[in-house]
Structure formats: C-alpha cells, structure tokens
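The values are calculated or read from the model by the stated rules, or taken from the named source; none is laboratory data. Please read these numbers as outputs of a predicted model, since none were measured by experiment. Neighbour counts are summed over all protein chains in view; Cβ atoms, including those assigned to glycine, are modelled from backbone coordinates with ideal geometry. Note: accessible area is taken over every heavy atom of the protein model, side chains too, but ligands, DNA and RNA are not part of it. Shrake-Rupley method; radii C 1.70, N 1.55, O 1.52, S 1.80 Å.
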Amino acid sequence: MSRLPIQIKLSDSKKEKPDPQTLVFGRNFTDHMFIADYDEGKGWHSPRIVPYAPVTLDPASIVLHYGQTVFEGLKAYKSEDGTVRLFRPEENMKRMNLSLDRLCMPRIDEEQALHALTQLIQIEKDWIPTLPGTSLYIRPFVIANEAFLGVAPAKKYQFYIILCPVGSYYKEGIHPIKILVENEFVRAVKGGTGGAKTAGNYASGLKAQEAADKKGYSQVLWLDGVERKYVEEVGSMNIFFKINGEVITPAINGSILEGITRKSILQLLRHWNIPVQERKLSMDEIRGAYENGQLEEVFGTGTAAVISPVGELNWDGYKMIVNDNKTGPLSKKLFETLSNIQNGNEKDSFAWILKLNSELAKLA
Ligand SMILES: *Cc1c(COP(=O)(O)O)cnc(C)c1O
C-alpha cells in the first residue's frame with residue numbers, strides 16, 4: 001500500500017511553552033495535531049497535520065453515546081544533544097489494532113500511523129522537555145463520528161494524535177504508593193473489553209478510584225470479575241509480585257490490558273535469569289507469603305511511571321506493608337534500567353528504541 005501524503009498546515013501563532021519544572025500530566029497540549037478520516041467504502045484518507053484546536057462533532061456521533069473509541073499512550077524522550085527517542089512505538093500501533101478489532105472499528109495501517117506520528121513529533125520537537133524524567137506524552141486515538149443513534153458499528157471514524165509535554169513522575173525520587181484491593185467493583189471480565197484500551201473501561205473504574213482516593217489510597221488493585229480472588233491489574237498499570245525470590249505477574253487472560261512496559265520488564269527479568277512466572281495469583285497466596293515473610297516486593301508497570309513500587313496493600317482492612325514501605329532493590333534496578341534505555345543513558349540491547357532523527361533520514 002502506498003503511503004498517503006500528509007497535508008501540513010502550520011499554526012500562525014505559537015503557544016508559550018510551560019515551565020518544565022512544574023509540568024503536570026495531561027494539561028498542556030502542543031501547537032499541532034494529526035487527523036485522518038475514515039469512510040466506509042473509501043478507507044482511511046485525508047491525513048493532515050493542523051493547528052491544535054477544538055473539533056466539531058455532531059451531537060449524535062456514535063462515540064458520544066455508545067463509546068466506540070480506543071486510545072494509546074506512549075512517550076518521546078529528548079536528550080541534551082537533541083536526539084529524540086521513542087520507546088517501542090510499533091508495539092502501540094499493533095495494540096491499537098487489537099483494540100480497534102475488539103470495538104468493531106477499522107484497523108489503521110501501522111506503518112502509516114507511525115510515519116504520521118514521527119512527522120508530527122518532528123514539527124513539535126521543541127516541545128519535548130529535556131529535564132531528567134520529563135518527556136512528551138503521545139496520545140493516538142480513534143473515535144466513531146458518524147451521526148447515528150442506532151447501536152451498530154459506525155461507518156465513519158477519525159484518527160487523531162495529540163501531544164503533551166509531561167513532567168517527571170518522581171520529582172522527589174522514586175517512592176512507594178499505597179494500594180487498596182477492590183472487593184466490591186470489578187474492572188473487566190473474561191469476554192469483555194478489559195484487554196482493549198477503550199474509554200468505557202476507565203469510566204467504569206472511576207467509582208472505585210474515587211472511594212480509594214477518599215481513604216488515602218492512590219490506586220485500586222482490581223481482582224478477577226468472577227471470583228474476586230485473583231489479582232488482575234492496577235488503574236493503568238500491570239502488577240508484579242516478588243515472592244521468595246520469584247517474580248509473578250498475572251497471565252494475560254482476556255480481561256487484563258497487556259502493557260508494553262510489562263512485556264519489556266518480563267524480557268529484562270528473563271535476560272537477568274531472575275525466575276518469572278505469568279500465572280494466576282490469588283490474594284490468599286499473597287497474604288500467605290506476607291505472613292511467612294516472603295512477600296519481598298510489589299510494583300506496578302506502565303508508560304506513565306515506568307515502575308511504581310507498592311509500599312502498602314490494604315485488603316479489606318488487612319494491611320500488608322511491603323519492604324518496610326521502601327523501594328525494593330529489584331524495583332529500583334528495573335526502574336533505572338528501563339528509564340536509562342528510554343533516555344539514551346544505557347545501551348539499547350533489545351532494539352526497543354526508535355531514534356527519530358534516523359527514522360526521518362530513512363524517509364528522506
Ligand atoms: C495502558 C495500560 C497499562 C499499561 O500499559 P503500558 O503499555 O505499559 O503503558 C496497563 N493497564 C491498563 C488498564 C492500561 O490502560
């Protein structure tokens with residue numbers, strides 16, 4: 001398939017860039033965005049980069065009523081010498097197609113989408129902060145914008161990419177979070193949409209998140225939707241437990257989102273010959289390990305924080321304090337290794353990095 005040329009309309013005015021010291025997540029957007037349209041029978045067309053601005057949607061658009069939409073999230077990192085690095089972006093495009101399939105939405109051409117992404121970042125490269133820990137967060141998403149109140153897959157869609165500079169997740173250094181194990185609400189069930197990055201999963205999680213917040217917990221740990229016995233994942237992170245020298249993470253089972261950070265952590269652990277298991281893990285087993293003094297470390301993994309050590313797990317009032325509420329050595333090593341690969345301070349031995357400059361050179 002030949003590559004569609006991207007029309008570019010640059011903005012007349014440039015926004016003031018936010019102070020990289022005080023950047024917050026998801027509030028500041030760059031000067032431009034990417035859009036492509038889809039019409040049934042015609043396919044994806046009219047790819048364009050245009051000034052960032054509000055969009056017009058018919059109030060009957062299917063996405064607004066029945067939630068036919070999917071998204072992705074990844075980051076671009078810029079080092080002092082100006083090199084821009086993307087972490088496994090092809091994995092995000094692949095996952096986006098899995099999510100699109102699940103929601104009966106048209107697949108994107110992964111290579112063209114990646115091309116659009118690199119073009120957009122090239123235009124916005126001055127927006128990528130370089131302070132340690134900062135990056136440019138990339139949010140590709142697809143919405144159903146056909147005006148129709150029938151419950152059926154839409155015949156019209158739009159694909160967008162927007163960008164926002166984000167600050168360091170750990171301004172005061174990596175530190176553990178407190179997690180509440182959720183016993184009442186569930187996030188997803190096998191056969192549902194838990195494996196797709198789609199809006200409804202997050203809207204339905206807000207109720208539990210709000211209650212956890214009020215109790216002073218930053219995230220909830222979701223259990224399986226049937227027995228509420230086995231751990232699944234956290235908010236927008238996958239979860240890992242180090243028990244008696246072995247690292248265990250829930251197996252991908254149809255209701256868990258398969259994180260790219262998760263996948264990379266598993267590769268690193270196996271490379272280091274640390275025993276890892278992907279399997280079912282029950283709260284009873286975790287509690288047993290805790291009581292035997294074998295629950296060594298717990299950490300979440302995701303694009304936003306890379307690694308988020310867990311210092312406390314509260315299961316129905318039973319509090320498990322992990323590693324004295326301190327960041328464990330494995331969590332720290334994983335965080336440093338992955339962060340350093342992302343920002344170019346460590347050799348990219350797994351070929352996970354797409355350097356923007358060389359990508360553009362290939363296109364020229
Ligand atoms: C995005 C996400 C993750 C983490 O995925 P990464 O690719 O590692 O960022 C985990 N769980 C959920 C529910 C998510 O939405």
**Prompt:** Does ALA251 fit the bill of being open to solvent by 10 Å² or more (accessible area, probe 1.4 Å) and either in a loop (DSSP other than H, G, I, E, B) or not assigned by TED's automatic domain parsing to the domain that holds LEU86 (or both)?
**Reply:** yes
**Prompt:** Scanning segment 300-310 for residues that are in contact with a Ser or Thr (Cβ under 8 Å, 6 or more places away or on another chain) and in a strand (DSSP E or B), which turns out nearest to the ligand (Cβ to nearest atom)?
**Reply:** GLY302
**Prompt:** Is it the case that segment 193-202 has a residue that's open to solvent by 40 Å² or more (accessible area, probe 1.4 Å), more than 16 Å from the ligand (Cβ to nearest atom) and either touching a helix residue (DSSP H, G or I) at 6+ places or on another chain (Cβ under 8 Å) or acidic (Asp, Glu) (or both)?
**Reply:** no
**Request:** Test each condition in (1) closer than 29 Å to SER339 by Cα; (2) open to solvent by 30 Å² or more (accessible area, probe 1.4 Å); (3) at pLDDT 95 or above for THR118 and report the one that comes out false.
**Result:** (2)
**Item:** segment 144-170, subset under 18 Å from the mean Cα position of the chain (by Cα) and in a strand (DSSP E or B), residue farthest from LEU74 (Cα to Cα)
**Value:** PHE159
**Prompt:** Which pairs have Cβ atoms under 6 Å, sit 6 or more apart or on different chains, and link a residue in segment 258-282 that is open to solvent by less than 20 Å² (accessible area, probe 1.4 Å) to one that is at pLDDT 95 or above and of a type in the set (Asp, Glu)?
**Reply:** ILE260/GLU91
**Request:** Scan segment 169-181 residue by residue and report those that are free of Cβ contacts under 8 Å to residues at least 40 places away in the same chain and open to solvent by less than 50 Å² (accessible area, probe 1.4 Å).
**Result:** GLY173
**Asked** With (1) within 26 Å of LYS75 (Cα to Cα); (2) away from the ligand (no atom under 16 Å from the Cβ) as the list, and LEU266 as the residue in question, which single condition is left unmet?
**Response** (2)
**Message:** I need the full set of residues from segment 94-112 which are open to solvent by less than 70 Å² (accessible area, probe 1.4 Å), more than 16 Å from the ligand (Cβ to nearest atom) and assigned to a helix (DSSP H, G or I), in order please.
**Reply:** GLN112
**Message:** Condition first: more than 30 Å from VAL306 (Cβ to Cβ) and open to solvent by 20 Å² or more (accessible area, probe 1.4 Å). Can you find one or more residues in segment 66-76 that meet it?
**Reply:** yes
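So that you can scan it fast, the table gives a plain yes or no per residue for (1) surrounded by fewer than 18 Cβ atoms within 10 Å (Cβ to Cβ); (2) within 30 Å of GLN7 (Cα to Cα):
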| position | (1), (2) |
| --- | --- |
| ASP126 | yes, yes |
| GLN158 | no, yes |
| GLY167 | no, no |
| ASN183 | yes, no |
| ALA211 | yes, no |
**Asked** Can you name every residue in segment 231-248 that is under 15 Å from VAL186 (Cα atoms) and surrounded by fewer than 20 Cβ atoms within 10 Å (Cβ to Cβ)?
**Response** SER236
**Complete:** The number of residues in segment 18-38 that are at pLDDT 95 or above and open to solvent by 40 Å² or more (accessible area, probe 1.4 Å) is 3
**Message:** With the structure loaded, tell me whether ALA188 is surrounded by 20 or more Cβ atoms within 10 Å (Cβ to Cβ) and over 22 Å from MET93 (Cα atoms) or whether it fails that test.
**Reply:** yes
**Message:** Quick check on segment 79-101. Is at least one of its residues within 15 Å of the chain's Cα centre (by Cα), closer than 30 Å to SER13 by Cα and of a type outside the set (S, T, N, Q)?
**Reply:** yes
**Message:** With the requirement that a residue be touching a Gly at 6+ places or on another chain (Cβ under 7 Å), in a loop (DSSP other than H, G, I, E, B) and away from the ligand (no atom under 14 Å from the Cβ), what does segment 171-188 give you?
**Reply:** PRO176
**Request:** Check whether at least one residue in segment 124-140 is more than 13 Å from the ligand (Cβ to nearest atom) and of a type in the set (Ser, Thr, Tyr), and report yes or no.
**Result:** yes
**Asked** How many residues are away from the ligand (no atom under 11 Å from the Cβ), in a strand (DSSP E or B) and among the charged types (D, E, K, R) when one looks only at segment 205-248?
**Response** 2
